[in-house]
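Trainee: What follows is a single structure, and I will ask about it in a moment.
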Protein chains: 2
Amino acid sequence: MKSGLSFLIEARRCEIAGLQQLALTSALVNATGRLVHALQRERGLSNLYVGSQGRRWQTERTGQITQCEQLQAEVQACFDQLDTQSLQTANGARLFSRIAYVLQGLDALPRLRGRVAAGALSAQQTTAAFVRLINGLLAVVFEAADSAPDPDISRRLVALFNFMQGKEFAGQERATGSGLFASGLADPDEQHHLLDLVESQERCLQVFTDFASETLRAEWQRSQRPEVLAGLERLRRILGTMPAGSALDVNLSQTWFDACTARIDAMKAVEDALAAELLTLCTQRLDTTRRELATLEQVAAEQRDALPDRADFFDSREDPLLALPPSVAAAGGAVQAYGPQVDRSILELVQDQSRRLQHMSDELDTVRASLNERKLIERAKGLLMAHRHLSEEDAHKTLRQMAMNQNRRLVDVADAVLAMADVLSDRPR
Amino acid sequence: MKSGLSFLIEARRCEIAGLQQLALTSALVNATGRLVHALQRERGLSNLYVGSQGRRWQTERTGQITQCEQLQAEVQACFDQLDTQSLQTANGARLFSRIAYVLQGLDALPRLRGRVAAGALSAQQTTAAFVRLINGLLAVVFEAADSAPDPDISRRLVALFNFMQGKEFAGQERATGSGLFASGLADPDEQHHLLDLVESQERCLQVFTDFASETLRAEWQRSQRPEVLAGLERLRRILGTMPAGSALDVNLSQTWFDACTARIDAMKAVEDALAAELLTLCTQRLDTTRRELATLEQVAAEQRDALPDRADFFDSREDPLLALPPSVAAAGGAVQAYGPQVDRSILELVQDQSRRLQHMSDELDTVRASLNERKLIERAKGLLMAHRHLSEEDAHKTLRQMAMNQNRRLVDVADAVLAMADVLSDRPR
């Protein structure tokens, strides 16, 4: 029969397998981020092109498409390299479904580009199409963030995902503003939408700030060059305050595009640093866990497992089923240092391991709560879209208005909307 | 490059792998339930034996130990049969750690029995030791319930886990009452503890009722024979109301043990039915998913994937990233029947799949919330034990008292206690 020690070893092997998967997923997230960045730029250029009725921006747009095609090939190569065998979990099922979905979008992209070139789409329609595709790519990143087994890594992934999402809102802002300036006319709906995007950006960047490391927070602060921000804020003010129907200076479209692009490119550098930090963390965790596994295997090889244990299960004062997070336990004075040491009893090793996993699981619950909030808001939006035949944007506005009226958080309003739907639809248990 | 369809197929394979693991885990849960049942009986008999100062119950106890040893061998065989390779996930790490922990307890069991036989332990100490071991076994079941990928299956596992936990409280009630009657003396602490156990039982059985199928709820109702309940309630009243220090009728110990045992044995029959239902559900889900996989593979073999899609990603009115649960979506009139059909476009298949997984993930969040409540309460108890040097029982009482005083749910009080601890311990982010 297998001993307790051998299951302890199996538990470590599970952790290592999870970390290896995560390292693979990190590479995928990285490549996806590069493609998103390029598509964001193509979206902005396409809007300028459409806004100028195809008179300008042709060369820039064509060059950008070439770059996108190359990065798309890299992302698809990453998809192909995913070890489908070792990802056979519930999270794997969701990840693969997201990939299947976004591949449909990538397949349809050449046709979309043809329609843009032929002038068959308005600036808004062009933006909406790119938004859908980029959201599909970000959903792949979201599934990766949702599947991390380690709370520290999960925290970094949440920071990265929210940063990417914030950057996407910045990209949508660039596209919307480009469309406005290129059309030469102030349009209240689009102006409103632009201010909304600024606000959504700030919300995402707040979550990033909450979950990022000190280093990356500092890097993000440094990357925000004051002269770029000042120029951007001046143009935001012009776009936000021009009365409906008044003329916008078409010549400012280049200035707007460049200011937004400078900021977004600076964001891309921070995003790359986030991704690099994530990969380093994965590698460190893998090294530590492999060393701990080696120690356990050494204990097993010495067959100390067969010796009578010094500590007795029933006498031990500590019950790991009631394990505490280490900071709390330390305040109570009950916990020693973590990590297996060769001279400790098997029971102590088991207790350490239980405590550590319990702690990780608690921390993960906390980190994932921020992802769950996003899920709730998305579902509530979907519900409003179906029931009240609203566009996504209007559904979002409705939720925000409800939150403001009731002086509640967006997520609480979303929760209330969904609870109401459950009651109304008489959902079977 | 792999197509969207091939990732759709991979997603299905993930689901199948998850269901296969679950079927294995169900067998383990079943065997664990049988061992828990036998240990509960051994605990009751050991208490009677200790209470009678070793003068009675020797034969019954020895016979029960033999049965426990046999069932223990079966459980350990199940542990050995677990496919550690295919369980290499974060949940696997927790499951294996729980197993490693409980194996320490099973190894120490012969020594515990020796001490009981030698009269070295009080009835309370004997009970406490068995409670710890059985909690270790139930923690294995808990991890299994926490890892189910399918909401319907997860719901059944939550019902089963809570039923097992409720049955364990019934077992602790039997042991505590046995100790009291056998000692012949009313002891207010133990009497209080007994009433507490009755209440905990009812809480668990309420969760069982919330999550079980209609069939099993009815079976549970039928299994509660009125004459057994009436006899038990009479003895509960005697145990609960005798003034401190007054004499208890030693001859009632047999009656008490038999009444409790009749009820617990009836519970075991319901538990077995729950386990059987769970296994049937797993098998059905596996069949359905395998059929759906076969359909997808047929589509792939016909290479329809290479044909231009009827529906275009960018034209589709529906965005599966904003997918709704089917009941809600049906109310909005936006969703067709589920499941792949050969004549549908790949995009439609992808949208179906996304919607279905989204729905499953939402449902799972709901079901798991009930498991999270248990985790919160356990952690708050552990915190009180460490900070205020309380026993588990006293920690539980303190929480309950706080809940009663503040007229709040136990889980809300637990949450408040933990939040306070986070503030006090200045926990690093």
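Read-outs: derived from the displayed coordinates by stated rules, not from any lab. Here the structure is a predicted model, which is why all the values come from computation and not from measurement. No Cβ is skipped: glycine too gets one built from the backbone with ideal geometry, and neighbour counts run over all protein chains shown.
Trainee: Using a Förster distance of 51 angstrom, determine the FRET efficiency expected from the C-beta separation of residue B:266 and residue B:407, and round it to 0.05.
Mentor: 0.90
Trainee: What ranking do A:215, A:366, A:32 get, fewest neighbouring Cβ atoms within 10 angstrom at the top?
Mentor: The most exposed by this proxy come first: A:215, A:366, A:32.
Trainee: I want to make sure I understand the PRE zone here: with the label point 7 angstrom from the Cα of residue A:391 toward its beta carbon, which residues in the range A:102-138 have backbone N atoms less than 19 Å away?
Mentor: In the range A:102-138, the label zone of residue A:391 (backbone N under 19 Å from the point 7 Å along Cα→Cβ) covers A:116, A:120-136.
Trainee: Take every Cα pair under 8 Å in the range B:4-286 that's 6+ residues apart, average their separations, divide by the length, and report that relative contact order as a whole percent.
Mentor: Values: 304 pairs, mean separation 74.3, N = 283.
With pairs under 8 Å counted, the relative contact order is 26 percent.
Trainee: So the label point sits 7 Å from Cα along the Cα-to-Cβ vector; using that for residue A:222, what distances do you get to the other copies, in nanometres, sorted shortest first?
Mentor: Between copies, matching label points for residue A:222 lie 7.3 nm apart.
Trainee: In nm, what is the difference between 0.36 nm times the number of residues separating residue A:315 and residue A:214 and their Cα-Cα distance? Can you show the working numbers first?
Mentor: Working: separation 101, 0.36 × 101 = 36.36 nm, distance 4.36 nm.
Going from the current span to full extension adds 32.0 nm.
Trainee: Cα gyration tensor of the range B:105-233, axes a ≥ b ≥ c as square roots of the eigenvalues: rounded (a/c below 1.5), prolate (a/b > b/c) or oblate?
Mentor: oblate
Trainee: Here's another thing I want to ask about it. Given the pairs A:167/B:2; A:167/B:375; A:268/A:381; A:2/A:375, which span a C-alpha to C-alpha distance of over 31 angstrom in this model? Mind showing how you got there, number by number?
Mentor: Details: A:167/B:2 29 Å; A:167/B:375 36 Å; A:268/A:381 29 Å; A:2/A:375 42 Å.
Among A:167/B:2; A:167/B:375; A:268/A:381; A:2/A:375, the Cα-Cα distance tops 31 Å for A:167/B:375; A:2/A:375.
Trainee: Please give the FRET efficiency for residue B:80 paired with residue B:280, using the beta carbon to beta carbon distance and R0 = 25 Å, rounded to the nearest 0.05. Please report the intermediate quantities before stating the final value.
Mentor: Values: r = 25 Å, r/R0 = 1.01.
In this case the efficiency is close to 0.50.
Trainee: Now for a separate question. Any chance you could check the Cα centroid distance between the range A:136-197 and the range A:41-85 for me, in angstrom?
Mentor: 17
Trainee: So if each residue of separation counts as 0.36 nm, and I subtract the Cα-Cα distance between residue A:111 and residue A:223, what length gain in nm does that give?
Mentor: Details: separation 112, 0.36 × 112 = 40.32 nm, distance 3.70 nm.
Value of the extension gain: 36.6 nm.
Trainee: Same structure, new question: Treating the point 7 Å from Cα along Cα-beta-carbon as the label, what are the nm separations from residue A:284 to the other copies, to one decimal?
Mentor: Between copies, matching label points for residue A:284 lie 4.9 nm apart.
Trainee: Same structure, new question: P(r) for the range B:4-286: what percent of alpha-carbon pairs falls in each 5 Å bin, starting at zero?
Mentor: 1, 5, 12, 16, 16, 15, 12, 9, 6, 3, 2, 1, 1, 0, 0, 0
Trainee: Under the rule of at least 5 residues apart or a separate chain, name every residue whose amide H is placed under 5 Å from the amide H of residue B:185.
Mentor: B:248
Trainee: Partner chain Cβ atoms within 10 Å, averaged over the residues of B:352-365 - can you pull that number for me?
Mentor: Per residue, the average neighbour count from other chains is 4.
Trainee: When each copy gets a label point 7 Å from Cα toward the beta-carbon at residue A:400, what are the spacings between them in nm, shortest first?
Mentor: 5.0
Trainee: Taking the convex hull of the alpha carbon atoms in the range A:1-74, what volume per residue do you get, in Å³?
Mentor: Working: hull volume 6.0 nm³, N = 74.
Dividing the Cα hull volume of the range A:1-74 by its residues yields 82 Å³.
Trainee: What FRET efficiency would be calculated for the residue pair residue B:416, residue A:255, taking the C-beta separation as r and a Förster radius of 60 Å, to the nearest 0.05?
Mentor: Numbers: r = 53 Å, r/R0 = 0.89.
With a Förster radius of 60 Å, E is 0.65.
Trainee: When a footprinting reagent is the concern and you count Cβ atoms within 10 Å, what order do B:176, A:62 take, fewest first? Before the final figure, lay out the partial values.
Mentor: On the way: B:176 24, A:62 13.
So the residues, fewest neighbours to most, are A:62, B:176.
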